[in-house]
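The values are calculated or read from the model by the stated rules, or taken from the named source; none is laboratory data. Predicted model only: the values in this text are computed from it and were never measured. All Cβ positions, glycine included, derive from the backbone under ideal geometry; neighbour counts span all protein chains shown.
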Amino acid sequence: MLIIGHRGASYDMGENTVGGITTAIRAGVDGVEIDIRRSDNRVILLHDITVTRTTNGHGLHKNYSFHSLRNLVCKNGERIPTIEEVMPLLLKTTYIYLEVKEPNMLELVWQVLKKVPEKNQKNIYISSFDENIIKSFKANKKIKKAFITAAKKPQLAARCEELNCSQIHVSLEVIDEMIVDEAHRNNLKVLVFTVNKSFDLKRCLDLKVDGIFTDLPIEMIEALRRTGAKSQLKGY
């Protein structure tokens with residue numbers, strides 16, 4: 001089962017920061033997930049539509065210029081990074097998940113991804129809750145896609161096939177055997193978010209999910225080791 005750092009090691013080091021990503025990679029994660037938005041035609045790491053929760057700023061991020069955003073200080077003392085700044089770090093791990101938080105980002109994202117070595121491109125996924133965002137990436141066959149859901153939706157596998165997604169990311173609150181079985185019958189990998197407790201990790205193992213996203217990669221890697229399960233999924 002894969003262990004993916006959710007926004008890096010977001011609990012310990014601050015989400016979507018260089019420090020958080022570095023901590024997750026040093027812990028030995030199989031991959032890292034980050035959230036991306038646009039600012040003045042640059043791709044930045046930011047989850048919320050506002051900067052209030054994660055920085056010393058206030059209000060909507062779109063009300064800031066790129067340079068103004070870069071002057072804000074994150075909770076761990078860092079600045080909001082760009083995707084170009086963190087990509088060399090991300091390439092030190094195996095799997096990279098870019099959760100796209102707003103529309104009209106295909107060209108900006110592709111300008112970054114096309115510079116990534118081809119051997120690494122095959123392990124990079126864009127993901128979103130928004131089907132329209134995923135559809136906007138559909139024309140680019142080189143970009144792998146994952147659909148995120150926090151609800152039990154009918155014909156989930158069929159929707160993923162229509163969206164050209166090879167993975168589905170499902171909330172811990174709704175994941176069950178039926179979802180996993182349907183996905184696996186349709187050659188979809190299933191990853192669960194957000195798993196921060198050892199008994200939830202054990203439940204995911206019992207359900208035979210393919211990976212988890214966690215805010216606590218150090219703790220969850222150790223919990224997985226204690227079960228005797230393998231962290232790296234071969235043939236992924």
Kindly indicate whether residue 180 is under 14 Å from the mean Cα position of the chain (by Cα), β-branched (Val, Ile, Thr) and either at pLDDT 95 or above or under 19 Å from residue 95 (Cα atoms) (or both).
no
So for segment 166-178 (the condition being polar (S, T, N, Q), surrounded by fewer than 18 Cβ atoms within 10 Å (Cβ to Cβ) and in contact with a Phe, Trp or Tyr (Cβ under 9 Å, 6 or more places away or on another chain)), does at least one residue qualify?
yes
Some residue of segment 46-59 being not in a loop (DSSP other than H, G, I, E, B) and not β-branched (Val, Ile, Thr):
no
Some residue of segment 49-71 being charged (D, E, K, R), surrounded by 23 or more Cβ atoms within 10 Å (Cβ to Cβ) and out of contact with any helix residue (DSSP H, G or I) (no Cβ under 6 Å at 6 or more places or on another chain):
no
Give me the residue from segment 127-152 that is assigned to a strand (DSSP E or B) and hydroxyl-bearing (Ser, Thr, Tyr) and, out of that set, farthest from the chain's Cα centre (by Cα).
149
Can you tell me which condition residue 226 does not meet? The list is (1) among the charged types (D, E, K, R); (2) surrounded by fewer than 15 Cβ atoms within 10 Å (Cβ to Cβ); (3) farther than 20 Å from residue 26 by Cα, and all the others hold.
(3)
Subset tally (residues that are among the basic types (Lys, Arg) and either in contact with a Cys (Cβ under 6 Å, 6 or more places away or on another chain) or surrounded by 23 or more Cβ atoms within 10 Å (Cβ to Cβ) (or both)) for segment 1-36:
1
Scan segment 63-96 for residues that are more than 15 Å from residue 33 (Cα to Cα), part of a loop (DSSP other than H, G, I, E, B) and in contact with a strand residue (DSSP E or B) (Cβ under 8 Å, 6 or more places away or on another chain) and jot them down.
64, 65, 72, 73, 75, 80
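So, residue 89, is that one hydrophobic (A, V, I, L, M, F, W, C), farther than 22 Å from residue 167 by Cα, surrounded by fewer than 23 Cβ atoms within 10 Å (Cβ to Cβ) and out of contact with any helix residue (DSSP H, G or I) (no Cβ under 8 Å at 6 or more places or on another chain) or not?
Working: hydrophobic (A, V, I, L, M, F, W, C): yes; farther than 22 Å from residue 167 by Cα: yes; surrounded by fewer than 23 Cβ atoms within 10 Å (Cβ to Cβ): yes; out of contact with any helix residue (DSSP H, G or I) (no Cβ under 8 Å at 6 or more places or on another chain): no.
No, not satisfied.
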Quick check on this structure: which one of 148, 143 is without any contact (Cβ under 8 Å) to a residue 40 or more places away in the chain, under 28 Å from residue 179 (Cα atoms) and surrounded by 19 or more Cβ atoms within 10 Å (Cβ to Cβ)?
143
What number goes with the only condition from (1) part of a helix (DSSP H, G or I); (2) closer than 13 Å to residue 220 by Cβ; (3) in contact with a Ser or Thr (Cβ under 6 Å, 6 or more places away or on another chain) that residue 24 does not pass?
(3)
Conditions (1) in contact with a Phe, Trp or Tyr (Cβ under 8 Å, 6 or more places away or on another chain); (2) closer than 27 Å to residue 202 by Cα; number of the one not met by residue 44
(2)
